[in-house]
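Notes to accompany the following structure.
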Amino acid sequence: MTTDSLIVVLGTVAGFCTTFAFVPQLIKIWKQGGRDLSYAMLSLYLLGVCLWLAYGLLIHAQAVVLTNLATAILIAIATGLKAWTAKRGLIKETLNSAATEAAAQRG
């Protein structure tokens, strides 16, 4: 294996590790909601990833482009899940409150 090939493999494996390290966070958001994540953090993280993506495009580094594109997609999913689970929680609270109020009125 040439040095250039080794560098590409190293960059690809490093990018894979840092990108998919975010997957457990997505699973946690799906199961428990995203209350612990701030939109500011997700936005700043997405900005940084987009800057890395632009950098990779400018220097024609395929590993940097692909891994940061994948990371940007995961961050977008995490942001969407955070918003969706917050809305889901609000709907659940509203329904529970209405059911409690209806039960109190009946008896």
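The values are calculated or read from the model by the stated rules, or taken from the named source; none is laboratory data. Keep in mind the model is a prediction, meaning the values are calculated, not measured. Neighbour counts run over all protein chains shown; Cβ positions are idealised from the backbone, glycine included. Accessible surface is based on the protein model in full, side chains and every heavy atom, while ligands, DNA and RNA are left aside. Shrake-Rupley method; radii C 1.70, N 1.55, O 1.52, S 1.80 Å.
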Worksheet item: Expressed in nm to one decimal, what extension gain is obtained for the pair Leu58 and Met41 from 0.36 nm per residue of sequence separation less their Cα-Cα distance?
Response: 3.6 nm
Worksheet entry | Cα-based helix-to-principal-axis angle, 39-59 vs the chain, degrees rounded to 10 | 20
Worksheet item: Which residue, chosen from Gly15, Leu47, Val64, occupies the Cα position most advanced towards the positive end of the dipole of the chain, where the dipole is computed from +1 (Lys, Arg) and -1 (Asp, Glu) charges on Cβ about the Cα centre?
Response: Leu47
Item to complete: Would you calculate, for the chain, the mean residue ellipticity at 222 nm contributed by helices, counting each DSSP H stretch of 4 or more residues as -39,500 (n - 2.57) and dividing by all residues, to the nearest 500?
Response: -31000 deg cm²/dmol
Worksheet, complete the sentence: Counting only protein heavy atoms with a 1.4 Å probe and every protein chain in place, the carbon and sulfur fraction of the accessible surface of the range 1-57 in whole percent equals 74
Practice prompt. Springs between alpha-carbon atoms under 10 Å, Gaussian network over the chain: tell me which of Ile59, Ile27, Ile77 tops the mean-square fluctuations.
Written response: Ile59
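Over the chain, what is the relative contact order in whole percent, taking alpha-carbon pairs under 8 Å and six or more residues apart? Working shown, then result.
Numbers: 68 pairs, mean separation 37.6, N = 107.
Once normalised by length, the contact order is 35 percent.
Pull out a ≥ b ≥ c, the square roots of the eigenvalues of the alpha-carbon gyration tensor of the range 24-75, then state rounded if a/c is under 1.5, prolate if not and a/b is larger than b/c, and oblate in the remaining case.
oblate
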Discussion item. So with the 1.4 Å probe, I'd like the accessible area per residue for the range 1-89, rounded to whole Å².
Written reply: 68
Fill in: Rounded to 10°, Cα long-axis angle of helix 3-20 versus longest principal axis of the chain
10
Worksheet, complete the sentence: Highest GNM mean-square fluctuation among Ala70, Ala78, Ala61, for the chain with Cα springs under 10 Å, belongs to Ala61
Response to the item:
Output for the range 24-79: trypsin sites (Lys or Arg not before Pro) sitting in coil per DSSP, at most 15 other Cβ within 10 Å, listed by number, reads Arg35
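Can you bin the chain into rounded, prolate or oblate? Criterion: square roots of the alpha carbon gyration tensor eigenvalues sorted a ≥ b ≥ c, rounded for a/c under 1.5, prolate for a/b above b/c, oblate for the rest. Please list the in-between numbers first.
Numbers: a/c = 5.81, a/b = 3.41, b/c = 1.70.
Cα axes put the chain in the prolate bin.
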